[in-house]
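Input: a single structure, listed below in C-alpha cells.
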Amino acid sequence: MEKIHYLIVPAAPEAHRFEVTVRVSDPEPAGQALWLPVWVPGSYLVREFARQVLAVSARDGQGLPVSVTKVDKHRWRCAPCIGPLSVTCEVYAWDLSVRAAHLDTTHAYFNGSAVFLAVAGREHERCTVDIEPPPGEAFKAWRVATTLERAGAPEHGFGRYRAADYDELIDHPVECGTFDLVSFDAHGVRHDVALTGRHRGDLDRLARDLARACTAQIDLFGAPPPFDRYLFQITVVGDGYGGLEHRRSTSLLCSRDDLPQAGQSKTGDRYRTLLGLASHEYFHAWNVKRIKPAAFLPYDLSREAYTRQLWAFEGITSYYDDLALVRCGLFTHDEYLQMLGETVTRVLRGGGRLRQSVAESSFDAWIKFYRPDENTPNAVVSYYTKGSLVALALDLTLREATGGARSLDDLMRRLWHDYGARDIGVPEDRIPALASEIAGRDLGAFFALAVEGTADLPLATLLATVGVTIGLRAATGESDKGGTPASPTVAAAAGALAGDTPARAWIGARIAGDGRISLVHDGGPAQRAGLSAGDQVIAVDGLRLAGIEPLLSASRPGRVLDVHAFRRDELYQCRVTLTEAPLDTAWLAIDAAASPAAAAARAAWLGTARPPAA
C-alpha cells in the first residue's frame, strides 16, 4: 500500500452519501493539513465542492480520535498524532451533472475533485484507492467504469486502483452501477462506452459512428493517441446535456432521444447533437488536457486560473467537433453548413459580441460565462460559440494565405508537437505568433480583429474562398435556429443580405407563453419603452396577451402597442413601437457558380468526397 491511500464507499445510496477516507502513513508532525478543490479542470467556475462535505473526523494509528479544525472554506488541519492518520469525510452527492458527484440506489458517479481530500504538501506522491460497492445484496450486480489504473481490481470491478499523483487521481471519474457496455477500436486503441440509465439506443451503431469520429481525430494529430485506452461515460436522462473532458475519458450527459434508435439509419438533429458533444470532448484529449495554457500548468485548484486563451482551447475544439464528423462522413456537407449557419445565428443574436471580445470572455469566464443572468446576451460573448467562428476564420485565412498548402490542422499539430507532447504550457501570445509563421505573413491584424476586438468577422469574404455563400434574414420566430433559408424565394437569393419577403415586426424581447419577459435586447423597442426582464405582460391593446408570436406575425414595423404588465406587484403601462426585425439569422450554401479553385479548396477543407445524404 502506498503512503497515501483512499477508500470510497457509497455508504448510504438512499441518502446520497459517500463515505471517503484518506489514510496517511506518516502525517506531518506539526499536524496534517488537507484540502478539497474549489473547481474542476475543464469547467471554469469556483464551485465550492466543500459545501457538500457533511462531516470530517480523524483517528490515529491506535484508533483514537484526532481533533480536526476547519481552517477556511475548503481546508482542514488535524492535530499532531502518531501515524497512520485516517481522515474520513461524508460527502452529499446529488448533483446530476458531469462536474461533481451523484449517488442513489440506481448508480454512483463521482469526479475525484468533489470527493477526495488532498494531503497538503503531498499532492505529487503516488496513491492508491479502494472503490467499494454499497452494502447489501441489492448492489451485487454493480460494476465499475473508470480509466484509473487497476492495482488488483478486476476489469470493471470493485477493488484497488492507483494513481501517480493527486492530479491523476481526480482526472479519472468513476461510474458504478448496472450500465450497458460496448467497445470499439480506433488505431488499435480500445475505447469503451458505458451507458447508465434506461434507453432504447442502438449501441452497435453508436460504437461504429464513434469509431469513425475518433479515428479522424487521431489521424489529425497523428497515431498513436496520447492514451492506451479511452472511456465514454454516458448518463442518459429524460432531458439533459453536458460533457467534461479527462485525460483518458469523458463524462457525458444526454437526453434519451439523443441516442440512435434501432432500425433507423437517418442521422437526425438530436443524434447529431450527441455525436458533436462526444467529438468535442474527445478532441479535448489533445486540446486542453495536454495542449493547455501556461496558466494551467500546474493546476491550482484552490483558486481561479486566469487566461485569455479559452477561445482557442474551447473555441477551436468547438470548431473541430463537427468538422471531424463531416470529414469522416458522418455528416454531409449540407448538414455541416446548416450547423455552421446555426452557430453564426447564435453569435449574431447576442449583443454581447459587440461589447466583449473572446479574449475578454476567456479571462472573465470565472465571473460571467458560467453565471448567466437576464442581461448576459447583451453583455457577454461565448468563447465557445464565437471562438468556433474565430477558428473557422483562422482556418480559412491560413488556407487562403498559403494557397491551400497549410491550415489550422497544421497549427494544431504544431501546438501538439511543441507543447502538448512535451507537457509545456502555451504562453499567452504564442498562438498568434505560430499562426503567422504558418501563414508566412503577419496575422497581427487578424488577431486584433477576431480575438481582441468586437467587430463581426468577415465570414462572407472568407467563405467565398471555398465556394460557400452566406445569407442573412430576419428570424421567423423564437424557434427559428437559423441554418436554412426562410423560403424558396430567399434560398434563390443565397449570399444576399435579405430576401424579398415582407419585413417582420420585432419587439426586442423574449416573452414566454405566460407573458413573462426573460430577455430585453439592448436598444430594442421593448427596452426603449421601459420594459424589463422579469416583467409579466398581461394585456396588449386592451386584450389579454395570448402569445407574442401570433401578435407579431399579424403586425408590421411601425405599429404601436399599448402594453400593460406587472412589475413585482405593480401594474405598469407603456407604448411599444415595433421595428423591423434585425437580419440576425444566417444560412450557408454551396455556391454552384464557384470557380474550380474554390471548389477544390472546399473539398480540401471538408473532405475530398461529398458523403451521400443519409
Considering Arg406, Arg353, Arg399, which residue is part of a helix (DSSP H, G or I), under 19 Å from Ala439 (Cβ atoms) and touching a residue at least 24 places away in the same chain (Cβ under 8 Å)?
Arg399
Quick one: Ser57 ticks every box in (1) more than 21 Å from Ile170 (Cβ to Cβ); (2) in contact (Cβ under 8 Å) with a residue 40 or more places away in the chain; (3) more than 30 Å from the chain's Cα centre (by Cα) except a single one, so which number is it?
(2)
Quick check on Arg349: is it basic (Lys, Arg), within 22 Å of the chain's Cα centre (by Cα) and surrounded by fewer than 21 Cβ atoms within 10 Å (Cβ to Cβ)?
yes
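Quickly run through the range 220-254 and pick out the residues that are charged (D, E, K, R) and loosely packed, with under 15 Cβ neighbours inside 10 Å.
Step one: list which residues in the range 220-254 are charged (D, E, K, R), which gives 228-229, 239, 245, 247-248.
Selection gives Asp228, Arg229, Asp239.
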Can you tell me which residues in the range 343-364 are in contact with a helix residue (DSSP H, G or I) (Cβ under 6 Å, 6 or more places away or on another chain) and either outside the structural domain of Ala448 (by TED's automatic domain parsing) or more than 18 Å from Pro582 (Cβ to Cβ) (or both)?
Val358, Ser362
Is it the case, given these coordinates, that Val381 is in a loop (DSSP other than H, G, I, E, B), assigned by TED's automatic domain parsing to the domain that holds Leu354 and touching a residue at least 12 places away in the same chain (Cβ under 8 Å)?
yes
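Output the residues belonging to the range 238-274 that are under 14 Å from the mean Cα position of the chain (by Cα), of a type in the set (Gly, Ala, Ser) and assigned to a loop (DSSP other than H, G, I, E, B). Break it down into steps so the answer makes sense when it comes.
From the range 238-274, those under 14 Å from the mean Cα position of the chain (by Cα) are 240-246, 250-254, 273-274; that's our starting set.
Now restrict to residues that are of a type in the set (Gly, Ala, Ser): 240, 242-243, 251.
The one that is under 14 Å from the mean Cα position of the chain (by Cα), of a type in the set (Gly, Ala, Ser) and assigned to a loop (DSSP other than H, G, I, E, B): Gly240.
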List the number of the failed condition for Leu531; all other conditions in (1) part of a loop (DSSP other than H, G, I, E, B); (2) modelled with pLDDT of 95 or more; (3) closer than 30 Å to Arg212 by Cβ hold.
(3)
Single match in Thr69, Thr128, Thr88 (criterion: among the hydroxyl-bearing types (Ser, Thr, Tyr), without any contact (Cβ under 8 Å) to a residue 40 or more places away in the chain and farther than 19 Å from Gln233 by Cβ)
Thr69
Could you identify the single residue in Val174, Val193 that is β-branched (Val, Ile, Thr), modelled with pLDDT of 95 or more and over 30 Å from Lys3 (Cβ atoms)?
Val193
For Arg308, state whether it is closer than 20 Å to Ala433 by Cα and surrounded by fewer than 24 Cβ atoms within 10 Å (Cβ to Cβ).
yes
Could you list all residues from the range 16-42 that are touching a strand residue (DSSP E or B) at 6+ places or on another chain (Cβ under 8 Å), farther than 28 Å from Ile82 by Cβ and not in a strand (DSSP E or B)?
His16, Pro37, Gly42
Filter the range 441-474 down to residues that are in contact (Cβ under 8 Å) with a residue 60 or more places away in the chain and of a type in the set (Val, Ile, Thr) and give me whichever is surrounded by the most Cβ atoms within 10 Å (Cβ to Cβ).
Val468
Just the residues that are more than 20 Å from Ile291 (Cα to Cα) and not in a helix (DSSP H, G or I), please, taken from the range 201-230.
Gly201, Asp202
Under 35 Å from the mean Cα position of the chain (by Cα), small (Gly, Ala, Ser), within 19 Å of Trp506 (Cβ to Cβ) and crowded, with 18+ Cβ neighbours inside 10 Å: is that true of Ala565 in this structure?
no
Taking the stated definitions as given, is Asp167 within 27 Å of Thr273 (Cα to Cα), surrounded by fewer than 22 Cβ atoms within 10 Å (Cβ to Cβ) and modelled with pLDDT of 95 or more?
no
Matching residues, the range 364-405, being more than 20 Å from Tyr44 (Cβ to Cβ), surrounded by fewer than 19 Cβ atoms within 10 Å (Cβ to Cβ) and charged (D, E, K, R):
Glu374, Glu400
I need the full set of residues from the range 156-189 which are assigned to a loop (DSSP other than H, G, I, E, B), among the hydrophobic types (A, V, I, L, M, F, W, C) and under 19 Å from Cys127 (Cα atoms), in order please.
Phe158, Ala164, Ile170
When residues of the range 104-135 are limited to those that are out of contact with any Asp or Glu (no Cβ under 9 Å at 6 or more places or on another chain) and assigned to a strand (DSSP E or B), the one farthest from Gly31 (Cα to Cα)
Ile131
Tabulated pairs, the range 319-333, first under 17 Å from Asp409 (Cβ atoms), second modelled with pLDDT under 95 and among the small types (Gly, Ala, Ser), C-beta under 7 angstrom, 6+ apart or interchain:
Val326/Gly607; Arg327/Gly607
Touching a strand residue (DSSP E or B) at 6+ places or on another chain (Cβ under 8 Å), in a loop (DSSP other than H, G, I, E, B), more than 21 Å from Arg346 (Cα to Cα) and acidic (Asp, Glu): which single residue out of Asp562, Asp514 fits that description?
Asp514
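The values are calculated or read from the model by the stated rules, or taken from the named source; none is laboratory data. All of these numbers come straight from a predicted model, not from anything done at the bench. For neighbour counting, all protein chains shown are included, and Cβ atoms are generated from backbone atoms with ideal geometry for every residue, glycine included.
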